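Just so you know, all these numbers are worked out from the coordinates, no wet-lab data involved. Not measured: the values here are computed from a predicted model. Cβ placement follows ideal geometry from the backbone for every residue including glycine, while neighbour counts extend to all protein chains displayed.
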Ligand SMILES: C[S@@+](CC[C@H](N)C(=O)[O-])C[C@H]1O[C@@H](n2cnc3c(N)ncnc32)[C@H](O)[C@@H]1O
């Protein structure tokens, strides 16, 4: 390992992925649901977005292509990541995204930082708990200088106590892997094999079923670059939420809510006895600690704001009524028994099915959805409807309904397809840019391929199968993609 990484691995590039918690519209929605003013960016607003620790830049590329009037600045210290991201942006001819190579430990004091504009939205996905304290401190100094008043910040990290029982596992994988192999990907593979051997040999401290055997089985199915970046960093350190909030307070950032939208609804997150204990406290951070003690979730997403302006529930609801939603799944396949942190719950079929059907063909305003034909139930609670539909991934906010596909979004989607079809599994989750939604739409590489064919006027399943040299992909037929997914992707502005 070279020494410029400050303990973070630099010999294996990270994989490309889209994490919807990074979407500015979702971050603004989190603020609104928690009674804090934020505008969901729409139309041609000149929004500034900053991504810290961008890897190969896929999230920033998607946001740039979906929002031509935004300016995105994305930073990472690994030159292989920045070179890949710049090449991808050039191929898609995206001019509203800038990729900078810089180390957070020193960037705030570097003359390079002068050119970084103050941001309306900042995201840090998958970096905070993997880096050295010097880099964390540097991030806080950068946030202090680069978040505009009212700006919103997202951060995700491995959280305690969920990671507590797994800390021994991480340490044995990390330390043994480093002695057994050279490159980080080989190291993590060797470390996992060694840990599996110890589980089989009944090592006492690897016997907790919640933390080890089960986790090792799950790990074996994950991509090796992900595992290397998760397990092989010298400074890997899961954190308590209050400690992250204390660090961010150094940049005048105040915690607003959970990035997993559903977690902002206490009744969907905790049981009645857990809630009774939680509600003895007014302190929001204490409430979050009690939540973190109760639920099975190892990666936390949080949303902070610099200068929270509180709004009343009436103002929040009036704002949400004007928001537009579009479906992310086929309306007639909406499940009515759904998993939330507290367990399985039933959704009202007579409320949610008519709502979903009303927006099946095109995004619609929340006020119209609540008053759509056949909707039975509360029509005065937009927060719950939007929270459930968006929080469970059934719908996305649509920030420019009716605008069509968007040239930059289509260019990026084609480049994504061209690049990934060469090397990646066709069932791999990817994402497509959409001008109409103003964010990325999750889909598989196969669905992206079929969408592209449909856009070119080829909607024949056997023709598409011939192009791919296959009929079915692990049970998914091209016919079923054409029948169920293409209408959703068309309504979402991907076609
Ligand atoms: C786990 S990856 C996450 C990448 C991306 N956010 C994603 O989720 O796909 C963490 C990233 O942080 C970058 N990184 C780590 N330490 C850094 C530092 N001190 N300065 C700048 N970037 C750093 C790494 O190169 C890596 O790309």
Computed log₁₀ I(q)/I(0) - Debye formula, equal Cα scatterers, no solvent, segment 198-287, q 0.19, 0.20, 0.25 Å⁻¹: -1.10, -1.10, -1.18
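Express the C-alpha Rg of segment 303-392 as a ratio against the empirical globular expectation 2.2 N^0.38 Å, rounded to two decimals. Spell out each step's value before the answer.
Working: Rg = 14.0 Å, N = 90, 2.2 N^0.38 = 12.2 Å.
This ratio for segment 303-392 stands at 1.15.
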All-pairs Cα distance distribution in segment 75-234, expressed in whole percent, bin size 5 Å: 2, 8, 13, 16, 16, 13, 11, 10, 7, 3, 1, 0
Full-extension gain in nm, residue 80 to residue 235, via 0.36 nm per residue minus C-alpha separation: 53.7 nm
Mean projected area (nm²) of the alpha-carbon convex hull when segment 164-231 is viewed from all directions: 4.0
Taking only Cα atoms of segment 236-332, radius of gyration then Dmax in Å: 15.8, 48
Gap separating the Cα centres of segment 137-165 and segment 349-407, nearest whole Å: 31
Helical mean residue ellipticity (222 nm; -39500 (n - 2.57) per DSSP H run of 4+; nearest 500) of the chain: -12000 deg cm²/dmol
Label-to-label distance, nm, for residues given as residue 339 and residue 403 (7 Å Cα→Cβ offset): 3.6
Cα coordinate range in the chain, projected on the principal axes (Å, largest first): 63, 61, 53
Globularity ratio of segment 407-491, using Cα Rg and 2.2 N^0.38 Å: 1.01
Separation of alpha-carbon centers, segment 216-248 and segment 1-60, rounded to whole Å: 17
